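The values are calculated or read from the model by the stated rules, or taken from the named source; none is laboratory data. These figures come from a predicted structure and were not determined experimentally. For neighbour counting, all protein chains shown are included, and Cβ atoms are generated from backbone atoms with ideal geometry for every residue, glycine included.
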Amino acid sequence: MARVELENISKLFGATTAVNEVNLQTIEGEFLVLLGPSGCGKTTLLRMIAGIETPSSGDIVIDGEKVTHLPPRTRNIAMVFQSYALYPHMTVFKNIAFPLRTRGVDRTAIREKVEQAAGMFGIGSLLERKPRELSGGERQRVALARAIVREPSVFLLDEPLSNLDAILRASAREELRLFQRRLGVTTVYVTHDQVEAMGLGDRIVVMNKGRVHQVGTPPEIYQWPADTFVATFVGSPPMNLIEQGDVLAGFRPETFLPAGPATENEGFVTYPFQVTWLEYLGAERLVYGDIGEKCCARHVVSRLPGNISIPIEPGKTYPFAVAKKAIRHFDRASGRLIDTGKT
Amino acid sequence: MNSGPRATGTSIRDRADLLARIMITPAVLYIAVMIGFPFILAILYSLSDATTGDPTLHIIGLQNFRDILADPVFRTSLKNTFVFALVSQTLVIVLSRILATALMADFRGKWLVRFLVMLPWTAPISLGTIGWLWMFDSIFSPIDWILRKIGLLGAPGALLGPMQNLYWLGEPFLAMASVVTVHVWRLLPLATVIQLAGLSSIPRDLLEAAEVDGATALRKTLEITIPLTMPIISIAFLFGLIFTFTDMTVVYVLTRGGPIHMTQVLSTWTFFKGIEGGDLAQGAAVSLFMFPVLAGIAILVLRVARRTEVV
Amino acid sequence: MMTSAGKVFRTGRLYALLSIFAVFSAFPFYWMIIATFKRDHDLFSPTNNPFLFNEPPTLDHLRLLLFDTHFLTYLLNTFLVGMAVVAITLIIAVPAAYSLARWARGWGEMLGIGIFLTYLVPPAILFIPLSRFAAAFGLQESLWSLILIYPTFTIPFCTWLLMGFFKTIPRDIEEQAMIDGLSRLGAMVKVVLPLAISGILTIVVFAFTLSMHEFIYALTFISVSAKKTVSIGVPTELVRGDVFQWGPLMAGALIASTPVAVVYTFFLDRFIAGFTMGAVK
């Protein structure tokens, strides 16, 4: 268990800046998720923590020790790659035992630890197989077992679920979270999938174009996005943004609902909503349309839960309302959140 | 385990930048010393009057080039080098295309056909050429024997003449044809394998789509197969050119340049002048005439290779 | 719908075509087999059918080749040179190929192309200056001259071939090995090399067969019969002026070329891949 501190980290590849002055501290034992679109620098950041890449400037501190220029083997970290990077020429047993062998652990201790780790992930019966004989889910478990067997101080995961099919992914997410809780190892997890990030993370770091846009718990990120990038990247469909002079007003689709007696008061704003398109998704309906806001009409989405069954047809206009306290205001020029008072 | 081996500092084993340089250095040094330096030396020799007896470098300028250009044997060699390479490789490309198409089919005994067809490339060239030496023998040539049997040779009024033998390696034109034949024989396998790779890289659905669009077999060949495999065909052609252009073994074993230098090529002439004749300077000058052509071919190869990488 | 008659016709045409090619390609070798076992009297009668044994076969030529010529010495020399060239090639080409495959950017890539181009510099240009090298170092008539010079063609070729091999091994695997406790060098030696074993085996085969095929340098540097390799020993020592010892000559050519041809055939596709710079997959 350890703290990872990133101090002013930058990484340049030729003329492109992959990571731009990132400052970040993990909390001991937490599950920290790096979230962002592809190419945002999250994987590069993870690889720098691992020691596979060296930062162009800035320092990396693990457990109080500056490791910026130390090779990976001195850092006692574990990493699971997106591809799982299992050694194709070794059996599952040898794969899991590999980090122990390089550390000179004796044979009996290796066997004991490998069997324990394999047991933990339910792959004890696969130890003599080669990686190519395993299914995707089994491979992922082998990679995880190999990662934990050395009892690392930091656990790094690079999109480990993206090679699994959708059904496996949900159960793997749950398992992963339970193991992390049980081991209590500080974990840094990279993903571009916001659902994964929201579901797994104690805290989420939202990144774009090499910069950190926001660090916070999932509710903080969702409800108080620090800027328009976070507001539109997190949440599906993204937050509605409409122009109001120098300010952009944002509200989540699920807060934009048909007006009724309950919304006719000071706490709500009502808009005429010209519906253009409707998607029925079973548990909910997504209603697309424009709201005429003085000069400039704006495209917005409403997300109606299944229990609101009023008939809505494309081409017609309905009064829709949003609670004032659900509206966030962003500076139009910088995109930064203006509202201060968090609830 | 929690502590792990915490070596302090970074050793050379971890420095990728240093390792990269250290690991490439032996190869670069070797190539510089054994290829780069001799190549420069060849240029220097060609400008000098060095001989095996007196190998000191005494630069005399372009005199050697003037001398060899005036030498009819050199001019024959230069012409032959081009003729042998271009004629044989044109034949090779056409024949390898036919052979590769046939080998694309599934049939019984394919491995045997493949092995037999590859023999000329896989066996050492000097030894394979010896087999041909007998085929072209002045008295016992099996080719002549067949021609005699079917009445084309050795009888009064026969198409190819009344004599018993054609003297393949003794008549200038037949000797040249023999050299070309052996080059074709030798390089056909290489070109075939390259063409096979090209043919099998064409996506099946492309041909199926063309069939659905109503294309005939001829149309498929002309408009899909050939354009798509063009880069690979040119690679096969260019490498074949390099091999035949610089080869000395076939001519050396088959004719030694004869009869009276009629099949001499640049490489054999270099050898006879520079090594057997001991005239290092003129030998080097002769060999350097190969260089511009090779450089041109190399540029073309790189171009084709780059273009196929993009596609 | 293809009728069965049409199918038979097509198959027949295919076999006919392939037979012509196979005969053209293999005939000189068929010839070697015949001549090896044919009696001189049979061989040297212009009216006898050259494709068949008109008199009972004989082992005389083989006996002569093995016991009255240096043929066995040629084989041994070829083997020694081949093994030494393989060793030098491995020591130099493996690290170079790895370096180019993993770290080459900018100047490294130019270097890679440069190494490839050196493969196109023919022995015909190099043998005159190299013969002076050999003279300067007293290596004339020595197998060492061949051992030192043959890597001029095996190293560029094998480096390119191996480079392609290393590129197919995912980087993830070595990065994982580094995280699992190995150094950068350790990851290469303990994880990448075992994975590249088939590539390394391939260059062993090629370094050996290419040095066995080599003709020009051997002809230039070696003239003492006992130091010759098969590729020059057979055509120069058994062909003395106009006295062709056809039987032993053919036997020698046959014995030396068959094993190489068999081994080579298995690796031919890889040869093409390496040699065309991966332009052909």
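Does segment C:196-203 contain any residue that is surrounded by 20 or more Cβ atoms within 10 Å (Cβ to Cβ), within 11 Å of chain A (Cβ to nearest Cβ) and under 20 Å from A:THR91 (Cα atoms)? Yes - at least one qualifying residue is present in segment C:196-203.
The set of residues in segment B:104-147 being buried (at least 23 other Cβ atoms within 10 Å of the Cβ), closer than 27 Å to B:ILE233 by Cβ and more than 7 Å from chain C (Cβ to nearest Cβ) consists of B:TRP121, B:THR129.
Among the residues making up segment C:114-134, those that are β-branched (Val, Ile, Thr) and under 29 Å from C:ALA104 (Cα atoms) are C:ILE115, C:THR118, C:VAL121.
Of the set (1) in contact with a strand residue (DSSP E or B) (Cβ under 8 Å, 6 or more places away or on another chain); (2) over 25 Å from A:HIS213 (Cβ atoms), all apply to A:PRO311 but (1).
Against the numbered list (1) surrounded by 15 or more Cβ atoms within 10 Å (Cβ to Cβ); (2) within 17 Å of A:ILE204 (Cβ to Cβ), A:GLN25 comes up short only at (1).
I need a count of the residues in segment A:92-107 that are among the charged types (D, E, K, R) and assigned to a helix (DSSP H, G or I).
Of segment A:92-107, the ones among the charged types (D, E, K, R) are A:94, A:101, A:103, A:106-107.
Within this subset, residues satisfying the condition of being assigned to a helix (DSSP H, G or I) are A:94, A:101, A:107.
Total meeting the criteria: 3.
When every residue of segment B:31-48 is checked against the conditions, at least one turns out to be in a loop (DSSP other than H, G, I, E, B) and either aliphatic (A, V, I, L, M) or surrounded by 19 or more Cβ atoms within 10 Å (Cβ to Cβ) (or both).
Of all residues in segment A:230-269, which are in a helix (DSSP H, G or I) and surrounded by fewer than 19 Cβ atoms within 10 Å (Cβ to Cβ)?
Of segment A:230-269, the ones in a helix (DSSP H, G or I) are A:230-233, A:253-255, A:261-263.
Passing the criteria: A:THR232, A:GLU254, A:THR255, A:PRO261, A:ALA262, A:THR263.
Of the numbered criteria (1) within 12 Å of another protein chain (Cβ to nearest Cβ); (2) assigned to a helix (DSSP H, G or I); (3) under 29 Å from C:LEU210 (Cα atoms), the one B:VAL83 fails is (1).
Residues checked against (1) in contact with a strand residue (DSSP E or B) (Cβ under 6 Å, 6 or more places away or on another chain); (2) more than 8 Å from every other protein chain (Cβ to nearest Cβ):
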{"position": "B:ASP14", "(1), (2)": "no, no"}
{"position": "B:ILE24", "(1), (2)": "no, no"}
{"position": "B:LEU29", "(1), (2)": "no, yes"}
{"position": "B:PHE39", "(1), (2)": "no, no"}
{"position": "B:ALA42", "(1), (2)": "no, no"}
{"position": "B:ASP54", "(1), (2)": "no, yes"}
{"position": "B:HIS58", "(1), (2)": "yes, yes"}
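Does segment A:67-77 contain any residue that is touching a residue at least 12 places away in the same chain (Cβ under 8 Å) and in contact with an Asp or Glu (Cβ under 6 Å, 6 or more places away or on another chain)? For segment A:67-77, residues touching a residue at least 12 places away in the same chain (Cβ under 8 Å) and in contact with an Asp or Glu (Cβ under 6 Å, 6 or more places away or on another chain): present.
Of the residues B:ASP106, B:ASP137, which single one is in a loop (DSSP other than H, G, I, E, B) and under 25 Å from the mean Cα position of the chain (by Cα)?
B:ASP137
Might you let me know whether segment C:241-258 holds any residue that is outside the structural domain of C:MET32 (by TED's automatic domain parsing) and either in contact with an Asp or Glu (Cβ under 6 Å, 6 or more places away or on another chain) or of a type in the set (D, E, K, R) (or both)? Yes: segment C:241-258 contains one or more residues that are outside the structural domain of C:MET32 (by TED's automatic domain parsing) and either in contact with an Asp or Glu (Cβ under 6 Å, 6 or more places away or on another chain) or of a type in the set (D, E, K, R) (or both). What do you reckon, is C:ALA93 modelled with pLDDT of 85 or more, touching a Phe, Trp or Tyr at 6+ places or on another chain (Cβ under 9 Å), more than 8 Å from every other protein chain (Cβ to nearest Cβ) and outside any loop (DSSP other than H, G, I, E, B)? No.
Here A:LEU86, A:LEU34, A:LEU46, A:LEU24 are screened, and the one residue that is within 13 Å of chain C (Cβ to nearest Cβ) and in contact with a helix residue (DSSP H, G or I) (Cβ under 9 Å, 6 or more places away or on another chain) is A:LEU86. Is one or more of the residues making up segment B:204-223 aliphatic (A, V, I, L, M) and at the interface with chain C (Cβ under 8 Å from one of its Cβ atoms)? Checked segment B:204-223: no residue is aliphatic (A, V, I, L, M) and at the interface with chain C (Cβ under 8 Å from one of its Cβ atoms). Kindly provide the set of residues from segment C:177-226 that are within 26 Å of A:PHE155 (Cα to Cα) and either in contact (Cβ under 8 Å) with a residue 40 or more places away in the chain or among the acidic types (Asp, Glu) (or both), ordered by number. If the condition is that a residue be within 26 Å of A:PHE155 (Cα to Cα) and either in contact (Cβ under 8 Å) with a residue 40 or more places away in the chain or among the acidic types (Asp, Glu) (or both), then C:ASP180, C:MET188, C:VAL192 are the ones that fit.
For segment C:126-134, check the following and say yes or no: at least one residue is in contact (Cβ under 8 Å) with a residue 60 or more places away in the chain, under 22 Å from the mean Cα position of the chain (by Cα) and within 12 Å of chain B (Cβ to nearest Cβ). Yes, because at least one residue in segment C:126-134 is in contact (Cβ under 8 Å) with a residue 60 or more places away in the chain, under 22 Å from the mean Cα position of the chain (by Cα) and within 12 Å of chain B (Cβ to nearest Cβ). With the structure loaded, tell me whether C:ARG102 is more than 12 Å from chain B (Cβ to nearest Cβ), out of contact with any strand residue (DSSP E or B) (no Cβ under 7 Å at 6 or more places or on another chain), among the basic types (Lys, Arg) and on the phi < 0 side of the Ramachandran plot or whether it fails that test. No, not satisfied. Residue count for segment A:149-175 satisfying the condition of being among the basic types (Lys, Arg) and not in a helix (DSSP H, G or I): 1.
With respect to the stated conditions, B:ILE93 is in a helix (DSSP H, G or I), more than 13 Å from chain C (Cβ to nearest Cβ) and under 28 Å from B:GLY296 (Cα atoms). Contact map, segment C:164-176: residues that are away from chain A (no Cβ under 11 Å) paired with residues that are small (Gly, Ala, Ser) and in a loop (DSSP other than H, G, I, E, B), Cβ distance under 7 Å, separation 6+ or inter-chain. Pairs shown: C:GLY164/C:GLY278; C:PHE165/C:ALA196; C:PHE166/C:ALA196.
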